[in-house]
Each structure stands twice: as structure tokens, then as C-alpha cells.
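Trainee: Questions regarding the structure given below will be posed in turn.
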Amino acid sequence: MSNEIKTHYRKVFKSDHLGVADLEDFLEMKSNLIFTIDYVRQEIGATVAGKEINANIAYFKEGIKPLVLNATNSKVMKSLTNSCFIENWENVVIQLSIDPTVKLMGETVGGVRVSPKRVTTSKPVLTKDNIKMWDNAKKAFARDGNFNSVLSRVNISIENQNLMISELNNV
């Protein structure tokens, strides 16, 4: 299996917000799509997909693109946190998925969904600071060509997965 990073056809249609193409990239890298919300901000007149809208936008600790929380995903966040206040949605670990049945103006386009299941994180988080774990994870990725065995033992952000791949490609 190749360590080559591939380019999704929708990447040319640049978006400042998390979308299906981004999640497909993460899935290609064998990510579990688990992220931690740093904070949520209501943005009035935010530009999303070329249109000005009012939206709840979640920003992530992992440094990935922010996610526009549409009505469906906002309801899930309310359920996960037992709070209708976006200030209480900070530091919530969520799992994202692609829902191919999402429609927009009558057309099936697919969309990003927040899983209604609570995420439990009992695995340690792998960063470059833990040199021994980092080196072991690099060896596992080099051996397997993916992060499956690494993710079975630790959580590693997309940013750190990319850093690890970059380190391996520069060897």
C-alpha cells in the first residue's frame, strides 16, 4: 500500500469549512474521525460556500477546518452536552461521519454529520513529545502503510498523522 497522499476532486473548489471531501481525505489516511471541539462561535453573516449565512461554527483543537453546525448537527450537540448553549459545547470530543443521503435544494449532495453517540477516549493521545511512542508508531505506519494498528492503541490527530507521514517521506 502506498504512503502517497491523494487529492480529492472537490479540493479544487476551495472551502474554508469542513466538508465531505475533507472527511474522505481523513478516511483515506485511516482516521477514526474523532476530534475535540475547542469552541463554538455564532457567526452572523459568515461566508459559507459563497453565501452569507448565520451559523454556529465549531473550531477544533486538532487545527482542522472549522465545521458549520447546521440545524441537525446543532441538535446533536445539544443532545450530547445536555445544553442548548453553544458555550457549553467546548472541549467536547465528537466523531464525525459522512451521510451520503443529505440533500440540498432537493439534490442529494452528502454531508458531514456529528455522531449522536458519546465518544469515550480511554486511549492516550500520541504526540511527538512522547519520543518512544512516536518512533513505534512511525515503524508501524511504515510497516503497514496505514494508521490502523496505531489507532487501535492511541489517538493521534490528523495534524500529527500528516507530520509523521512527512517525516517518513523525508527519510
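Trainee: Mind counting the residues in the range 15-59 that are of a type outside the set (Asp, Glu), more than 18 Å from ARG113 (Cα to Cα), free of Cβ contacts under 8 Å to residues at least 40 places away in the same chain and not in a loop (DSSP other than H, G, I, E, B)?
Mentor: The total comes to 7.
Trainee: If we keep just the residues of the range 117-171 that are more than 22 Å from LEU23 (Cα to Cα) and among the acidic types (Asp, Glu), which is surrounded by the most Cβ atoms within 10 Å (Cβ to Cβ)?
Mentor: Only one residue fits best here, namely GLU167.
Trainee: Then there's this: It is to be established whether one or more residues within the range 43-55 are in contact with a Phe, Trp or Tyr (Cβ under 7 Å, 6 or more places away or on another chain) and of a type outside the set (Asp, Glu).
Mentor: No, that holds for no residue.
Trainee: Can you name every residue in the range 142-171 that is within 15 Å of ASN32 (Cβ to Cβ), assigned to a helix (DSSP H, G or I) and either assigned by TED's automatic domain parsing to the domain that holds GLN95 or of a type outside the set (S, T, N, Q) (or both)?
Mentor: VAL150, LEU151, ILE158, GLU159, listed by residue number.
Trainee: Now for a different question. Can you confirm whether ILE37 is in contact with a helix residue (DSSP H, G or I) (Cβ under 7 Å, 6 or more places away or on another chain), outside the structural domain of ASN155 (by TED's automatic domain parsing) and either modelled with pLDDT under 95 or buried (at least 18 other Cβ atoms within 10 Å of the Cβ) (or both)?
Mentor: So ILE37 passes the test.
Trainee: While we're looking at this one, here's another question. Checking the conditions here, which among ILE64, ILE94 is in contact (Cβ under 8 Å) with a residue 60 or more places away in the chain and in a loop (DSSP other than H, G, I, E, B)?
Mentor: ILE64
The values are calculated or read from the model by the stated rules, or taken from the named source; none is laboratory data. Predicted model only: the values in this text are computed from it and were never measured. Positions of Cβ are backbone-derived with ideal geometry, glycine not excepted, and every protein chain shown enters the neighbour counts.
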